[in-house]
1. Multiplying the sequence separation of D99 and L125 by 0.36 nm and subtracting their Cα-Cα distance, what value in nm do you get?
2. What's the FRET efficiency of T139 with A339 using the Cβ-Cβ distance as r and R₀ = 45 Å, to the nearest 0.05?
3. Are there trypsin sites (Lys or Arg not before Pro) in segment 225-304 that DSSP puts in a loop and that have at most 11 other Cβ atoms within 10 Å, and which ones?
4. If you take every residue apart from L344 with its C-beta less than 14 Å away from the C-beta of L344, what net charge results, scoring Lys and Arg +1 and Asp and Glu -1?
5. Would you mind classifying segment 257-298 by shape? Square roots of the alpha carbon gyration tensor eigenvalues, ordered a ≥ b ≥ c; an a/c under 1.5 is rounded, otherwise it is prolate if a/b is larger than b/c and oblate if not.
6. What does the net charge come to around C281 if you take all other residues with beta carbon closer than 14 Å to its beta carbon, with K and R at +1 and D and E at -1?
7. Take W364, W62 and order them by how many other Cβ atoms sit within 10 Å, fewest up front.
8. Among M358, M291, M165, M178, what is the fewest-to-most ranking by other Cβ atoms within 10 Å?
Amino acid sequence: MFHAAPSLVPSPRSLQNQNDPHDQSGDRSAQGPSPRPAARRDAFFDNAKYLAIVLVAVGHSWEPLKGGSRVLQAAYMLVYTFHMPAFIVVSGFFSRSFDASPSRLKRLVTGVAVPYVVFESAYPLFKRFVDHDPQAAITLLDPYYLTWFLCALFIWRLTTPIWKMVRYPLPIALGMAMLASLTPYLGADLALQRVLQFLPYFVLGLCLRPEHFRLVRRRSVRIAAVPVFAFSLAFCWWAVPRMDTGWLYHRSSAQELGLPWWVGPAMQLALFGCSLLLTACFFSWVPGRTMWFTTLGAGTLCGYLLHGFLIKTADYRGWFDHRALHRPLGEIAVTVTIAAAVTLLCTPPVRRVFRFVMEPRMDWAFKRDAAELAREREKHEHAQTQTHTQTQGHGQDGREKLGAQEV
């Protein structure tokens, strides 16, 4: 489970320039020249993306280790309550400018759909050859492991114009999530359970404004977040033997978890409230200034999609079964190792190597935008007019000089 980014998929600029934190490529060919300088990236959102992707990778590394440690299980439950909602809220916030224009749709295809197809094919092939599993099949309809988020982001962003149009988007999205939680027949196609159950967080991001993020970053909120997280960790420790962590994955209905149908909507409301509270506390602790890891926020797509191969390799090879890793020092060592690994995967050299997949330039696959062609034609005609005017001017100057010589 993802846990992006995303990146996964347009990079955060300043709060006034609202692009998507996951689409890191941008449609450079479809953007006309602008007299204004490029907007400066906002350090807060880059920091939030990096810290969230580290929590995602750490959570994945804890999953095979947590069985024998109630403390680790509590930490796992706490992290999974807010790390995906936080990432999705940021994704929604930077999707507010999506208007289904040709240039935006092109970025959606190259920045989300293409990586989805590539990695949805790569992960089963990886399992087939590394785990020697001939049954691992490639299917684009049943997202495999991490790729569900790319599928969900593609659907969410396509529906953005609808959510911007309706009067009460968040209650509608929350109602859809509640209905999905009591519908056991959605199946795994396109990860629709996750698409619908995580939808309210994306729609919430669409509804937020810059001042809302500034509100949760006040000093009083940062101080209040300390006891909130402490109480939440204690509650998770209490809930470990009493609550099914399947609720945190948002991929199953109440009936599939062996509970009455009415529990699904109730849990959706409860989890939505808890996740928003912890997400706000998480944002309050995210630095707003430039840090040593700020630039890594632009590479979370690489960190998200590639760290899964590390986790799966360790799982297929049985490395997590080593007894030393199931002790406190071993768990700390795994945590530090995976955090360092995902940090390296977010660095610019790795991004450059995998740019052909994460940020492909596919001008050959798209028709030229009519507006862009009109601008180029107008520019060409203007250049021809200027050349003609200059030629006439030079001719007139020559005739004047010749007349002067004759005199």
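Taken together, the values in this text are just the output of simple stated rules run on the coordinates, not laboratory data. Keep in mind that what you see is a predicted model, and the values were worked out from it rather than measured. Note: ideal-geometry Cβ built from the backbone for every residue, glycine included; neighbour counts use all protein chains shown.
1. Values: separation 26, 0.36 × 26 = 9.36 nm, distance 3.58 nm.
Between D99 and L125, full extension yields 5.8 nm more.
2. Approximately 0.90, to the nearest 0.05.
3. On the way: sites: R242, R251, R289; in loops: R242, R251, R289.
Listed in order of number, the matching sites are R242, R289.
4. +2
5. prolate
6. With Lys, Arg at +1 and Asp, Glu at -1, the neighbours total +4.
7. Working: W364 5, W62 20.
Least to most surrounded, the residues fall as W364, W62.
8. Ordered from fewest to most neighbouring Cβ atoms within 10 Å, M358, M291, M165, M178 come out as M165, M291, M178, M358.
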